[in-house]
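Structure first, commentary second.
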Amino acid sequence: MNTVTVHEAPSVEIVRGDITTEQVDAVVNAANSGLLGGGGVDGAIHAAAGPQLREECRKLRATRLTGGLPTGEAVITGAGRMPARYVIHTVGPNRHAGQTDPALLSSCFAESLRIADEAECRSVAFPAISAGVYGWDVEEVACIALEVARSARCAHVRLIRFVLYDDRALAAFERAA
Ligand code: AR6
């Protein structure tokens with residue numbers, strides 16, 4: 001008998017919080033191409049996950065990703081000491097470096113979700129990718145993120161949770177929803 005995989009639309013939640021404490025299968029990291037940590041949510045995730053995550057990232061850089069992770073793409077690792085099982089690292093477009101194409105940001109959300117689904121995750125938490133150091137207007141980030149989430153059809157992911165760190169980001173995502 002053939003089995004048919006049913007692709008369903010995941011539920012979408014918008015909450016305020018610190019993504020490093022989320023009890024979900026995968027947490028998405030707004031990383032940089034070097035993957036070895038940085039400030040913002042990337043710094044918080046590396047601090048919470050501990051040295052195991054840095055080691056996994058170093059290995060990726062030494063093997064599959066010697067040139068770094070390109071903007072708009074995503075890669076999965078373990079989550080070290082965090083409650084999540086996985087971290088999915090993606091590199092948002094940097095507006096200060098002239099990366100203003102919304103398709104690049106859309107790709108970050110879509111690729112991260114695709115990889116989470118491939119890893120059979122049921123729940124995924126996203127931050128407001130590119131809305132901090134990379135200089136995108138959080139209103140625009142929210143519209144792009146919600147568009148990807150609403151049109152998603154997944155075999156495994158049943159919950160997409162946007163975890164916003166401040167009032168402005170929270171309000172922008174609530175408006176976009
Ligand atoms: N939980 C949830 N959201 C957070 C947290 C947290 N613990 N901490 C910050 N945010 P940013 P980017 C929010 O700058 O713009 C790094 O240095 C933050 O308020 O973390 O994609 C990387 O290494 C903002 O709304 O990411 C890269 O070099 C959002 O997360 C560069 O910054 C994204 O802000 C990436 O810049």
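Observations on the structure shown:
- Every Cα-Cα pair of the chain was included, and the share exceeding 24 Å stands at 30 percent.
- Sorting the segments 121-127, 168-174 by their residues' average number of neighbouring beta-carbon atoms within 10 angstrom, most packed first, yields 121-127, 168-174.
- Helical runs (DSSP H, four residues minimum) scored at -39500 (n - 2.57) apiece and divided by the length of the chain put the mean residue ellipticity at 222 nm at -11000 deg cm²/dmol.
- Alpha-carbon centroid distance for the pair the stretch 125-163 / the stretch 2-22, whole angstrom: 11
- Relative packing of 97-109, 54-66, which averages over residues the other C-beta atoms within 10 Å, highest first: 97-109, 54-66
- For the chain: relative contact order, % (alpha-carbon pairs under 8 angstrom, 6 or more apart): 33
- Largest first, the three principal axis extents of the alpha carbons in the stretch 51-95 are 31, 23, 13 Å in whole numbers.
- Entry note, the stretch 75-114: relative contact order of 32 percent, from Cα contacts under 8 Å with a spacing of 6+ residues.
- E147, E111, ranked by accessible area, largest first (probe 1.4 Å): E147, E111
The values are calculated or read from the model by the stated rules, or taken from the named source; none is laboratory data. This one's a predicted model, so the numbers in the text were calculated from it and none came from an experiment. With ideal geometry, Cβ positions are generated from the backbone for all residues, glycine too; neighbour counts draw on all protein chains shown. Each accessible area value is taken on the protein alone, full model and side chains, heavy atoms only, with ligands, DNA and RNA left out. Shrake-Rupley method; radii C 1.70, N 1.55, O 1.52, S 1.80 Å.
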